[in-house]
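S.K.: Supplied in structure tokens, the structure appears directly below.
The values are calculated or read from the model by the stated rules, or taken from the named source; none is laboratory data. Computed from a prediction, not measured in an experiment: that's the story for all the values here. Virtual Cβ from ideal backbone geometry, glycine too; neighbours counted across all protein chains shown. Note: accessible area is taken over every heavy atom of the protein model, side chains too, but ligands, DNA and RNA are not part of it. Shrake-Rupley method; radii C 1.70, N 1.55, O 1.52, S 1.80 Å.
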Amino acid sequence: MSRIGKLPINLPAGVTVTVGKDNVVTVKGPKGELSQDVNPDIKVSVEDGVLSVARPSDEKAHRSLHGLYRSLINNMIVGVSEGYRKELELVGVGYRASNTGQLLELSLGYTHNIFMLLPAEVKLETKSERNKNPLIILESCDKQLIGQVCAKIRSFRKPEPYKGKGIRFVGEVIRRKSGKAAGK
């Protein structure tokens with residue numbers, strides 16, 4: 001039995017979950033609204049503020065989908081009630097970030113600046129203080145979307161292991177390598 005799939009989900013105050021036709025689960029909350037298609041074999045039920053996910057048999061396909069859909073629905077409930085927040089920092093001399101609305105402008109040591117238009121569901125904020133690395137702060141109710149946007153921003157200049165320059169998450173530890181002088 002899936003240990004994650006068996007766990008019931010308690011719905012916080014202000015969050016409503018509806019299971020529509022074609023097994024579409026819609027979650028509404030104070031931060032937004034999300035929906036997810038669920039495999040027709042998996043049954044989603046809501047009783048007395050508790051959501052449960054059940055599977056018809058112990059086949060391998062049903063077992064794998066059971067935990068998956070429970071996790072996806074739980075992430076949607078957490079997203080519409082609390083939201084998700086990611087912070088990226090730019091480490092490097094002359095690296096800058098600024099935004100005008102949803103347009104992010106990055107100066108990452110290339111010959112040109114990089115412009116990226118973010119989706120409307122993601123709130124964008126940039127901070128630049130003296131003697132501190134510039135920060136990019138992203139907030140959204142959709143965990144998958146915010147992760148995808150972070151991965152795209154990070155791909156412009158990944159952290160390198162020698163000097164540690166690049167775009168990284170706040171608090172992320174980069175495994176550093178010693179230069180060629182230490183190899184002798």
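S.K.: Going by alpha carbons, how many degrees (0 to 90, nearest 10) lie between the helix axis of 60-81 and the longest principal axis of the chain?
M.R.: Roughly 70 degrees between the two axes.
S.K.: Can you pull the semi-axes for region 128-180, root of five times each eigenvalue of the Cα gyration tensor, sorted largest first, whole Å?
M.R.: Taking √(5λ) for each Cα gyration eigenvalue gives 24, 15, 9 Å.
S.K.: On the Cα set of region 84-169, report Rg and Dmax in Å, please.
M.R.: When restricted to Cα atoms, region 84-169 yields Rg and Dmax of 12.3, 36 Å.
S.K.: So, one more: In whole percent, and with a 1.4 Å probe on the protein chains, what portion of the accessible area of the chain is carbon and sulfur?
M.R.: The C+S portion of the solvent-accessible surface of the chain is 51 percent.
S.K.: For region 1-107, go through all pairs of different Cα atoms, get the mean of 1/r, take its inverse, and jot down that Kirkwood value in Å.
M.R.: 16.0
S.K.: Solvent-accessible area per residue for region 31-107 at a 1.4 Å probe radius, Å²?
M.R.: Averaged over the residues of region 31-107, the accessible area is 52 Å².
S.K.: Then there is this: Using unit Cβ charges (K, R positive; D, E negative) and no other charged atoms, how large, in debye to the nearest 20, is the dipole of region 130-176 about its Cα centre?
M.R.: Using only the charged Cβ atoms, the result is roughly 360 debye.
S.K.: Still on this model: Of all chymotrypsin sites (Phe, Trp or Tyr not before Pro) in region 72-132, which ones are in loop regions per DSSP and have a Cβ with at most 14 other Cβ atoms within 10 Å?
M.R.: Hits after loop and neighbour filter: Tyr110.
S.K.: Give me the count of lysine pairs in region 1-94 whose alpha carbons sit under 25 angstrom apart, restricted to pairs 8 or more positions apart or on different chains.
M.R.: The number of close lysine pairs in region 1-94 is 10.
S.K.: Mind giving me the FRET efficiency for Lys28 and Ala151? R0 is 30 Å, r the Cβ-Cβ distance, nearest 0.05 is fine.
M.R.: 0.65
S.K.: Helix-derived [θ] at 222 nm for the chain: sum -39500 (n - 2.57) over DSSP H runs of at least 4, divide by residue count, nearest 500?
M.R.: -6500 deg cm²/dmol
S.K.: Let me ask something additional. Along the Cα→Cβ direction, 7 angstrom out, place labels at Ala120 and Val170. What is the inter-label distance in nm?
M.R.: So the two model labels end up 2.8 nm from each other.
S.K.: So, one more: If one takes the longest principal axis of the Cα atoms in the chain, at what angle in degrees, from 0 to 90 and to the nearest 10, does the Cα axis of helix 143-155 lie?
M.R.: Relative to the chain, helix 143-155 is tipped by roughly 20 degrees.
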